[in-house]
Amino acid sequence: LQSECGDDGEKKIAAASEVRLLAKDDTEARVTLAMLGAIPPLVNMMDDSPMEDAIIASLYALLNLGIGNDANKEAIVKEGAVHKLLKLIESS
C-alpha cells in the first residue's frame, strides 16, 4: 500500500477499500494480505492522513482483516491501532 500509493490520498483510499473487500469474506485472503504487509500502512493511515475518508477506509479494512483471525488482531494492536483510535476519538 505505502510504496504503491506514496502520498496520494485517493490511491490510499482505493487501496484500503480493495483490502477491505478482499478480506471481507475470505479467510485465506486475510492471512495473505497480512503476510504481504497490509496492516502497517493501514494503521499509519489513521494518523498520516488529513482526509477523513482515508481514515474511515483504513478502519474498515483493519476491521475486516481482524475478523476471525487472532494473529491479525494481534498485529493490528502491535502496530498501535488502539492508541491511534483513542487519539482520534479524543480529538473529535
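The values are calculated or read from the model by the stated rules, or taken from the named source; none is laboratory data. Owing to the predicted nature of the structure, the values given are computational and were not obtained by experimental measurement. Neighbour counts are summed over all protein chains in view; Cβ atoms, including those assigned to glycine, are modelled from backbone coordinates with ideal geometry.
Restricting segment 48-57 to residues that are farther than 15 Å from LYS24 by Cβ and assigned to a helix (DSSP H, G or I), which is modelled with the lowest pLDDT? Write out each step before concluding.
Looking only at segment 48-57, we keep the residues that are farther than 15 Å from LYS24 by Cβ, and these are 48-56.
Next cut, assigned to a helix (DSSP H, G or I) only: 48, 52-56.
Values: ASP48: 65, GLU52: 91, ASP53: 93, ALA54: 93, ILE55: 94, ILE56: 95.
So, considering only residues that are farther than 15 Å from LYS24 by Cβ and assigned to a helix (DSSP H, G or I), the one modelled with the lowest pLDDT is ASP48.
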Verdict on ASP53 being surrounded by 14 or more Cβ atoms within 10 Å (Cβ to Cβ), among the acidic types (Asp, Glu) and either out of contact with any Pro (no Cβ under 7 Å at 6 or more places or on another chain) or touching a residue at least 12 places away in the same chain (Cβ under 8 Å) (or both): yes
Can you find a residue in segment 68-81 that is more than 20 Å from SER17 (Cα to Cα), touching a residue at least 12 places away in the same chain (Cβ under 8 Å) and not β-branched (Val, Ile, Thr)? yes
Those residues of segment 1-45 which are modelled with pLDDT of 95 or more and charged (D, E, K, R), in sequence order: GLU18, ARG20, LYS24, ASP25, ASP26, GLU28, ARG30
Looking for something surrounded by fewer than 14 Cβ atoms within 10 Å (Cβ to Cβ), of a type in the set (Gly, Ala, Ser) and modelled with pLDDT of 95 or more - is there at least one such residue anywhere in segment 58-75? yes
